[in-house]
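The values are calculated or read from the model by the stated rules, or taken from the named source; none is laboratory data. These numbers were taken from a predicted model, which means no experiment stands behind them. A quick note on method: Cβ atoms are made from the backbone with ideal geometry, for glycine too, and the neighbour counts reach across all protein chains shown.
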Amino acid sequence: MKTDPQTPSDWYLIAGERIEKADALFERFGPSWSGVELLHEGTERYLKGYLVCKGWTLVKTHDLNRLLAEACIHDAAFAEFANACQNLTEQFWEQHYPGGELDEVGEGYAEIRGSLGGLFLMIKNS
């Protein structure tokens, strides 16, 4: 199966798989560095899919804050998810490459995931 970066449903397909695996990992083991990475990647892909749907030119970035700001241009209601995106982006960078502070990675995971469920639903319903 070949995917296309200009097809929002392809972004959502990959995003959904990441979120499904993040949820399974959390259910089995609780908060983890891998779970943070998967949740971040899934969120990033949902936002990119939404933006591509709106005619956005793809930018290779891992910054959920930047992506969310772009989404807010199309719908100000996305601002509700700013804290979750900020927190998740910070945790993502701490664990993504050696050199970060790992003690707080995974902290508040359930709350972040709960908030982002609303983001995913908003994107799916748009």
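Selection of region 1-23 for residues being without any contact (Cβ under 8 Å) to a residue 12 or more places away in the chain, in a helix (DSSP H, G or I) and more than 11 Å from Leu38 (Cβ to Cβ) yields only Leu13. Filtering region 48-60 to residues that are in contact with an Asp or Glu (Cβ under 8 Å, 6 or more places away or on another chain) and either more than 11 Å from Gln6 (Cβ to Cβ) or modelled with pLDDT under 95 (or both) leaves only Leu51. Considering region 105-126, the residues that are among the charged types (D, E, K, R) and out of contact with any helix residue (DSSP H, G or I) (no Cβ under 7 Å at 6 or more places or on another chain) include one that is farthest from Cys53 (Cα to Cα), namely Glu107. Assessment of region 97-108 against the conditions (of a type in the set (A, V, I, L, M), surrounded by fewer than 19 Cβ atoms within 10 Å (Cβ to Cβ) and modelled with pLDDT under 95) yields no matching residue.
Any residue at all in region 7-21 that's under 17 Å from Val105 (Cα atoms), of a type in the set (Gly, Ala, Ser), in contact with a Ser or Thr (Cβ under 9 Å, 6 or more places away or on another chain) and buried (at least 20 other Cβ atoms within 10 Å of the Cβ)? Within region 7-21, not a single residue is under 17 Å from Val105 (Cα atoms), of a type in the set (Gly, Ala, Ser), in contact with a Ser or Thr (Cβ under 9 Å, 6 or more places away or on another chain) and buried (at least 20 other Cβ atoms within 10 Å of the Cβ).
Is at least one residue of region 32-41 surrounded by fewer than 17 Cβ atoms within 10 Å (Cβ to Cβ) and not hydrophobic (A, V, I, L, M, F, W, C)? The answer is yes, given that some residue of region 32-41 is surrounded by fewer than 17 Cβ atoms within 10 Å (Cβ to Cβ) and not hydrophobic (A, V, I, L, M, F, W, C). Restricting region 101-126 to residues that are in contact (Cβ under 8 Å) with a residue 60 or more places away in the chain and in a loop (DSSP other than H, G, I, E, B) leaves a set whose member that is farthest from the chain's Cα centre (by Cα) is Leu102.
Restrict the check to region 85-99 and report whether at least one residue is without any contact (Cβ under 8 Å) to a residue 24 or more places away in the chain and hydroxyl-bearing (Ser, Thr, Tyr). So far as region 85-99 goes, yes, one or more of its residues are without any contact (Cβ under 8 Å) to a residue 24 or more places away in the chain and hydroxyl-bearing (Ser, Thr, Tyr). For Asn65, the criteria (1) among the polar types (S, T, N, Q); (2) out of contact with any Leu (no Cβ under 9 Å at 6 or more places or on another chain); (3) under 18 Å from Ser126 (Cβ atoms) hold in every case but one, which is (3).
Note on region 74-96: residues that are part of a helix (DSSP H, G or I) and either among the small types (Gly, Ala, Ser) or closer than 15 Å to Tyr50 by Cα (or both) total 8.
Identify the residue in region 43-69 that is in contact (Cβ under 8 Å) with a residue 40 or more places away in the chain and either in a helix (DSSP H, G or I) or among the charged types (D, E, K, R) (or both) and, among all such residues, is surrounded by the fewest Cβ atoms within 10 Å (Cβ to Cβ). Spell out how you get there, then give the answer.
In the first step, residues of region 43-69 are kept if they are in contact (Cβ under 8 Å) with a residue 40 or more places away in the chain; the result is 43, 46-47, 49-50, 52-53, 58.
If we keep only those that are either in a helix (DSSP H, G or I) or among the charged types (D, E, K, R) (or both) too, we end up with 43, 46-47, 49-50, 52-53.
Numbers: Thr43: 29, Tyr46: 26, Leu47: 26, Gly49: 23, Tyr50: 26, Val52: 19, Cys53: 17.
That would be Cys53.
If I filter region 92-105 for residues that are under 18 Å from Ser126 (Cα atoms) and of a type outside the set (Ser, Thr, Tyr), do I get at least one hit? Checked against the condition, which is being under 18 Å from Ser126 (Cα atoms) and of a type outside the set (Ser, Thr, Tyr), region 92-105 yields no hits at all.
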